[in-house]
Amino acid sequence: MARAPLFFRKHQYIDWLIVVPAVLLSLLGLITMNSFSGESIFFERQMLWIGVGVAFMLTVMRFDMRMLRHRSVVFGLYLVTAVLLVLVLFLGTTVLGATNRFDLGFFSFQPGDMARLILVIVLAKYFTRRHVEIAHLRHIVVSGLYTFIFCILLFLEPDFGSAVILACIWFGMLLAAGISRKHILIIAVLGITAIGGLWMFAFQDYQKARIVSFLNPLADIQGAGYNAYQSTIAVGSGGVLGKGIGYGSQSKLEFLPEYETDFIFAAFAEEWGLAGVLLLFLLFGILFWRLIVHARLGTTNFETLVMVGVLFWFFAQFTLHVGMNMGMLPVTGTTMPFLSYGGSHLITEYLAIGIVLAMSRYRRTLTNEEADREIEGAPPLLE
């Protein structure tokens, strides 16, 4: 029987059905960015970020991620992220009305991107020890408080899209932890109440205008509804086979704003058409499927919950981006995982993939007592 090539034998623990779709998505985004002009600074920088992201993924996957089960490590990561989210409000750079990034010259770092990964780890640690007690409302409240602190700091930037993604991660991990139907109903009521309170006391005028334009897209197509209107035109004009790479009139003629980031799906759909969109959905579908497979095979509840959290993070970000590009959801300034331009979110997403691959390397059967001791940082029990 023929042996596999040396490269694949040396990296046999890598799940290529996760890595390949992620890299292909990044390359499709790269092609879409480069199709608008002969020289694109976005194209050149994105090539660098893809390389850095893949390098981080390959490096992280070689570490033993059981260190993330330790309380001190998790608390330190959460504290550092919270401090960065506070500092960015005072020291950050304002872009398009949001003070959400540190300008480091060639690289702009957005703590909100890192907050998604850190929240997944924090909630996985919390629910690992308490999933059997999830029926107690206090655990929902405490986990919600961890999420709320990040969300309120992001909302102050303002970065409503990232706050929504964090809320989706929290709710998804609650479902995985076994929340009851009664508590789901309570959360739904509280969520509706919170949205009403935000509308009355927190949303700024432009945020209200976006929601109104979503409910009635033709009400102000020259103002608040312009971006969504141009995006839906771009998506619809792609037809079945698209206009061809470099021939997207909505994006090439700059009718479609932020086509490298917030509206890259619309730009891609215009040039690649329905066939390209189906390919895009297929790649994301494979990625989501493999995350589900790894979650089911997690060594302990901690690994399973981390993978579930990454799944809900990617799925929520994907859904919000596609929804707002097709006029089905309000415009929230959400990037597409792996596809949109940006170093911060891209590197963080590849880091998450690296952690998932690292956790998949040490699957073994543990007793409940052994798992509990490992999670608490104690040495394994003697047989």
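Just so you know, all these numbers are worked out from the coordinates, no wet-lab data involved. Just so you know, these numbers come straight off a predicted model, no measurement behind them. Note that we place each Cβ from the backbone using ideal geometry, even for glycine, and neighbour counts take in every protein chain shown.
Listing for the model above:
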| read-out | value |
| --- | --- |
| R0 of 56 Å, Cβ-Cβ distance residue 200-residue 297: FRET efficiency to nearest 0.05 | 0.75 |
| Relative contact order for region 34-128, counting Cα pairs under 8 Å that sit 6 or more residues apart, in percent | 21 |
| Size of electric dipole in region 37-124: Cβ of Lys, Arg +1 and of Asp, Glu -1, about Cα centre, debye, nearest 20 | 460 |
| Whole-Hz couplings from phi, Karplus 6.51/-1.76/1.60, listed for region 328-336; x for Gly and Pro | 8, 9, x, 6, 10, x, 9, 7, 8 |
| Using a Förster distance of 35 Å, the FRET efficiency for residue 55-residue 275 (Cβ separation, nearest 0.05) | 0.65 |
| Simple label model, 7 Å out from Cα along Cβ direction - residue 109 to residue 245, nm | 3.4 |
| Average projected area [Cα convex hull, region 69-167], square nanometres | 6.7 |
| Residues whose placed amide H lies under 5 Å from that of residue 99, excluding near-sequence neighbours | none |
| Label-point gap, in nm, between residue 181 and residue 27 - each point 7 angstrom along Cα→Cβ | 4.8 |
| Residue 79-residue 141 pseudo-label distance in nm [points 7 Å out on the Cα-to-Cβ vector] | 2.5 |
| When region 242-352 is reduced to its Cα atoms, the Kirkwood hydrodynamic radius in Å | 15.0 |
| Sequence of 69, 116, 62 once ranked by neighbouring C-beta atoms within 10 Å, starting from the fewest | 62, 69, 116 |
